[in-house]
Structures are given as C-alpha cells and as structure tokens.
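S.K.: Right, I'll just put the structure down here and ask away after.
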Amino acid sequence: MDTLCSISGLDPLWDWNQTWYTHNPELSNCFQNTVLVWAPCIYLWVLSPFYCLHLYCHGRGRLPLSSLCSAKLVRQTGLSPDIVRYLAFFSYFALQLAQLFLSCFADRAPSGKAVLKNACPVQDASFLSKILFWWFSGLLFKGYRSPLQAEDLWSLREEDTSEKIISDLEEEWTAERTKLQHTSIALGSRLPEQAQFLRKIQKEQSSGFCLLRTLARSFGPYFLTGTLCLMVHDAFMFSVPQVLSLLLGFMKDEDAPLWKGYFYASLMFLLSCLQSIFNHQYTYTCFTVGMRVKTAVMGLVYRKSLVVNSAARRTCTVGEIVNLVSADTQKLMDFVVYFNAVWLAPIEITLCLFFLWQHLGPSALAGIATVIFIFPLNGFIARKRSKLQEIQMKYMDGRVKLMNEILNGIKILKFYAWEKAFLEQVLGYREKELKTLKKSQILYSVSIASFNSSSFLIAFAMFGVYVLIDDKNVLDAQKIFVSMALINILKTPLSQLPFAMSTTMQALVSLKRLGKFLCQDELKPDNVTRESFKSGERSLRD
C-alpha cells in the first residue's frame, strides 16, 4: 500500500509523526483517499449477501420501517448530493447504508403476523433501543405515575411462552431418553441380573449428564451470545486501567500535547460506557435463559408425574416431586446465571495478577500467595456444602412426604388424637433440616468473608512487599491508582467465584435428581384405553 501511495505521489499510508507525535494530529492524504473511501464500500459488499439472505428467509423485500423512519430516509436521500453524483451502483449501496443507519434509531413497524393486544415492545424495538433498554422506559414511567396493575404488563413473547419452551425441550429430551434406553436394553439383554442392576444405577447417574446435554442443545446458542458479551465486557474492563496509566503518565509529562489528555479522558469514558452496556446485555441474556430453563424443566417434571407407572410412583413420592419443581429448578436457574464465573473468574484473576506484575514487579507474588491461600479453603467449603445439600434435600423430602400423609389421613389422625406425635415427627425433620442449612450457611459466610477481605489483604501484601524489598521503590500516583484499579477488578471475580462454585455443586446434585426422575419408567400406551364420551349415556360400567 505504501508503494501504491508513492506511485500516486501521496504521503505514506500511516505516519506516526503526523498522527501521534505532534500537537496538531491529522491523517495522511493516502489514508484519507484509500481506507476512508473504500472501507465503507467493502463493508457493504461483504454484508450485502447476508442481508439478501435475511430478506429471502423472512419473505420481505425490505426492512420493516415505521412511517417516521421512512420520512427520515426520504429526506436524507433527497438532500444527499452523492445520490446525484455517483452511479446507480454506488447509489444502491448508499441507500442501503442510510437505511441500515436509520433502522438503528427507529422502531420497526409491526409484521404481518397477528399482533397481540399488549405485545412486548422489545419485539419491534430498534437496535439502540435494545442495547440501551429504552423499550422498558414506558413501563417505568407508567409505574411512576400510578401503581401498576396486571393488565399493564406486556404479553409474553412467543419464544418465552411455556407452550413453546416445554414442547421444544420435550422433543429434545424424548430423543435423548430414547437413545439412552436403547443403549441400556442392548447391553442389559446380554448381562446377568447383578450386572443389569449395576447398569441401572449407572443409567441413573448418567441421566443428569443427559439432561444437561439436552438443555445445552436447546438453550446453548442464545446463552453463548451472552457469553460473548461478557468476554467483550472483560476486554473493555481490562483496557480501562491501561488507559488510566497512560493518562497519569501524560499528567507527569509537561511537554505532552494537550489533545492527548482529552483523548485519554474521552477514551476512558467511552470504554466505561461500553463496558456497562455489554455487562447489562450479558445479565439480561443470562436471566432470560435461566427463566426459560426453569420453565422448561418444571413443565417436564409436571408432565412426567402424570405418566409414571406404579413401580416408579412408589419410589418417587409427592414430596420429592414438589421439591424437584420448587427447589431443584431454582438451582438450575442460579447455575445458568453464575456458570460463566466458574471458568472466567480464574482467567480474570490471572490477567489481573499479570498486569500487577508489570506495575509492581516481583511484589505481585505476595498477591498471588494470598490468592493461592484463599482458593483451597473455598474449594473445601464448596465440596462440604454440596454434601450438606444432599442431606438437606433428603430431610426436606421426608418432611414433605410426612405432611402429605398427614393431610391425606387427617380424619384418622384427629380421631385417635395423634396430633402431638405427628407434630413431633414433623418438627424433628424440620430441626434436622435447619441444622444442616445452618451449617451450610456458616460455611458460605466464611467463604464470602474470605473473598471480601481478599482485596484488602492483596493490596496490603503487595504494597508492603514493594516498599520493603528496595529503598528505591516509591509508590507514586501512577502505581497506586493503576494497581488499585486492577485490585478492584480482582475483587469482582474473587467475590463471585465462591458463589459460582457453590451454585455449580448444588446444580450438579439437582441435575442428578431431575435426571433420575425424568428417566423413570412410564405407563405403556397400550395399557390406557380412551373411549369417546357420548352425550346421553349415564350407564356405569364395571
């Protein structure tokens, strides 16, 4: 490219002395006449096939725009001199670029499908409205003016309805369960009775993994978009301390041009805004996926409870089914929300310590030692809480089962005056359950306290070692502020990691329980007869 610029008699493509090391920065003539001119055209040429594919798949010849957006588009095309000057080929791409630009600011017109009475505005919201959540402002203003009523809430989107979510997951789970049953039958027919029993136990243990795999296939693609937003958020988050270091270095340099200070300050503001935007998009995506997972698994458990056979019903009590619907599905939702912290938090901690090493040198080893001391403690606490959860769920199942028996036989219980005896049994279960829960929460409090105090311990250890190892080491503003910014970043993964580890362990237990129940034998369709009801028939058949 530099050769092409020299042949044309222009400046080099990029000159740092002209753009950065100067008091009046500007781009070279070659850069303005090549990159700035051809980059938009290349962008449109590359994306136009995907745009045409989008129009073909949705059966529309254009983007659905509101009347206000169409008026803006007509006005812009009428005032643009490029439409008159350039050929029709370039005019087409200019119009498409203008349409794409305006579609980011204008809400889309409703599609040809049936429009709900109180449809959620996110369906037809513009690009900026979605990333900044402007579509939610109307409900906030309405709630500020007057208390919200049930009819003020929006209708669910089609992809959020229980009918859509449960039917899709049930189809995936049926295929996965059929595959698992065929494998068990093929191996079980060749094994003796004892080996078949061991195979049954192995099937129950692997059912949790099969359920996780089914959930990943159904909700994984949308969840990965949130993971991508989180990775971009982390990139911006680690860029802020680096820009802060450059800004503090600019303040120390008296000969530095003033425009660099404005540039660094503006860049810090922009990176902070982008960091916040991607963080909220990630949170919105995770809670949406968590809600869908909880709804889908609850629907599967409810439908399964209606078709299990008598042998499976003796092993799966009503209390256990209630706990599966209420407690275990909530554990899965928490697992979806905090799953990324399990693998991303160690990476964030490693990057923070690496940047601290660059600023403080070997003194960062003191912070690494503090982190290494904290991790084994919290790993032990996570394993201990997982075992306590299994014990707690066992007591909870027994308590709910006993309460169900009491309610079913309340007349006999009252007749024989057994209230006190059964009350003592229920309270005994509840007392054991509360003791287990108390131990679990004490361990969780210790874990949270260790991670919340870790940022102070890391800063105290690193700064203390940095000053003591050499008299020439001086803590100036640049080292202190940048190091504290990195330590504040380090505080977030350190505080999320214990909860994420605990949630993951609890979710694994819940997955095993849910998978075991969903793999129970069902009633055979041949054993159920369905006869059509005729009006007027009142005979009683044996």
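S.K.: If Phe250 satisfies every condition in (1) over 18 Å from Thr288 (Cβ atoms); (2) out of contact with any Lys or Arg (no Cβ under 8 Å at 6 or more places or on another chain); (3) open to solvent by less than 50 Å² (accessible area, probe 1.4 Å); (4) part of a helix (DSSP H, G or I) but one, which is the exception?
M.R.: Only one criterion in (1) over 18 Å from Thr288 (Cβ atoms); (2) out of contact with any Lys or Arg (no Cβ under 8 Å at 6 or more places or on another chain); (3) open to solvent by less than 50 Å² (accessible area, probe 1.4 Å); (4) part of a helix (DSSP H, G or I) is unmet by Phe250, namely (2).
S.K.: Here's a follow-up. Output yes when any residue across the range 431-452 is among the aliphatic types (A, V, I, L, M) and touching a residue at least 60 places away in the same chain (Cβ under 8 Å), and no when none is.
M.R.: yes
S.K.: Quick one: which residue in Ser66, Ser70, Ser80 is open to solvent by less than 60 Å² (accessible area, probe 1.4 Å), modelled with pLDDT under 55, among the small types (Gly, Ala, Ser) and farther than 30 Å from Asp255 by Cα?
M.R.: On inspection, the qualifying residue turns out to be Ser80.
S.K.: Taking the residues in the range 472-500 that are closer than 29 Å to Met251 by Cα and either among the small types (Gly, Ala, Ser) or outside the structural domain of Ile372 (by the TED database) (or both) as candidates, determine which candidate is most open to solvent (accessible area, probe 1.4 Å).
M.R.: Restricting to residues being closer than 29 Å to Met251 by Cα and either among the small types (Gly, Ala, Ser) or outside the structural domain of Ile372 (by the TED database) (or both), the top hit is Ala477.
Every residue, every condition in (1) at pLDDT below 85; (2) open to solvent by 80 Å² or more (accessible area, probe 1.4 Å); (3) over 29 Å from the mean Cα position of the chain (by Cα), yes or no:
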{"residue": "Lys117", "(1), (2), (3)": "yes, yes, yes"}
{"residue": "Phe133", "(1), (2), (3)": "no, no, no"}
{"residue": "Lys142", "(1), (2), (3)": "no, yes, no"}
{"residue": "Thr161", "(1), (2), (3)": "no, no, no"}
{"residue": "Gln194", "(1), (2), (3)": "yes, yes, yes"}
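S.K.: Something else about it: When you scan the range 453-468, do you find a residue that is among the aromatic types (Phe, Trp, Tyr) and open to solvent by less than 30 Å² (accessible area, probe 1.4 Å), even just one?
M.R.: Looking through the range 453-468, at least one residue is among the aromatic types (Phe, Trp, Tyr) and open to solvent by less than 30 Å² (accessible area, probe 1.4 Å).
S.K.: In the range 386-471, which helices (runs of 4 or more DSSP H) lie fully inside it and hold 1 or more residues that are farther than 22 Å from Arg513 by Cα and polar (S, T, N, Q)?
M.R.: 419-452, 454-469
S.K.: Same structure again: Go through the range 416-435 and count every residue that is β-branched (Val, Ile, Thr) and open to solvent by 70 Å² or more (accessible area, probe 1.4 Å).
M.R.: 0
S.K.: Which residue, of Val322, Val318, Val342, Val337, is open to solvent by less than 30 Å² (accessible area, probe 1.4 Å) and of a type in the set (A, V, I, L, M, F, W, C)?
M.R.: Val337
S.K.: Turning to a different aspect of this structure: Could you check Ile349 against (1) open to solvent by 10 Å² or more (accessible area, probe 1.4 Å); (2) among the β-branched types (Val, Ile, Thr); (3) within 30 Å of Val465 (Cβ to Cβ) and say which number it fails?
M.R.: The failed condition is (1).
Yes/no matrix, rows are residues, columns are (1) closer than 22 Å to Glu522 by Cβ; (2) open to solvent by less than 30 Å² (accessible area, probe 1.4 Å); (3) among the polar types (S, T, N, Q):
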position	(1), (2), (3)
Tyr262	no, no, no
Gln275	no, no, yes
Gly290	no, yes, no
Val293	no, yes, no
Ala296	yes, yes, no
Leu300	yes, yes, no
Arg313	yes, no, no
Ser326	no, no, yes
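S.K.: Answer with yes or no whether Pro241 is assigned by the TED database to the domain that holds Phe481 and either surrounded by fewer than 19 Cβ atoms within 10 Å (Cβ to Cβ) or at pLDDT 95 or above (or both).
M.R.: No: the conditions fail for Pro241.
S.K.: Condition first: touching a Phe, Trp or Tyr at 6+ places or on another chain (Cβ under 8 Å) and closer than 21 Å to Leu508 by Cα. Can you find one or more residues in the range 433-441 that meet it?
M.R.: yes
S.K.: Would you call Lys304 among the charged types (D, E, K, R) and under 25 Å from the mean Cα position of the chain (by Cα)?
M.R.: no
Residue by residue, here is whether (1) more than 24 Å from Phe263 (Cα to Cα); (2) modelled with pLDDT of 80 or more holds:
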| position | (1), (2) |
| --- | --- |
| Cys5 | yes, no |
| Asn17 | no, no |
| Trp20 | no, yes |
| Cys52 | yes, no |
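S.K.: Which of the residues that make up the range 41-51 are surrounded by 13 or more Cβ atoms within 10 Å (Cβ to Cβ) and over 32 Å from the mean Cα position of the chain (by Cα)?
M.R.: Within the range 41-51, just Cys41 meets the criteria.
The values are calculated or read from the model by the stated rules, or taken from the named source; none is laboratory data. Source: prediction; values computed, not measured. Backbone-built Cβ (ideal geometry, glycine too); neighbour counts: all protein chains shown. Just the protein is used for accessible areas: all its heavy atoms, side chains included, with ligands, DNA and RNA removed. Shrake-Rupley method; radii C 1.70, N 1.55, O 1.52, S 1.80 Å.
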